[in-house]
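Rule-based calculations on the coordinates, nothing more; no lab input. Small disclaimer: the values here were computed from a predicted structure and weren't measured. Don't worry about glycine lacking a Cβ; one is built from the backbone with ideal geometry, like all the others, and counts go over all protein chains shown.
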Amino acid sequence: MKKDSFTKRMDMLKSRSRVPKGNLLSGSIADKYPVILDGGRTVIFVSDKSKEAETRANYALLHTR
């Protein structure tokens, strides 16, 4: 890492202010609802609360095979 320096890393952190907020949240669980399965052993995050029943049904189908 030849060009690694503290100032260069700080400049990279400042560039985050120019990135749209939606791009920074990718992979984040912000604004998502947890669906707890298997007595708390599995947690799936869905974007819409109305998809909870569908997620539970799909998970049950997946594990009955």
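For A30 and Y59, what is the calculated FRET efficiency with R₀ set at 22 Å and r taken between the beta-carbons, to the nearest 0.05? Can you show the working numbers first?
Values: r = 23 Å, r/R0 = 1.04.
Calculated value: 0.45.
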If amide hydrogens are placed 1.01 Å from N in the peptide plane, which non-local residues have theirs closer than 5 Å to the one on V46? Y33, V35
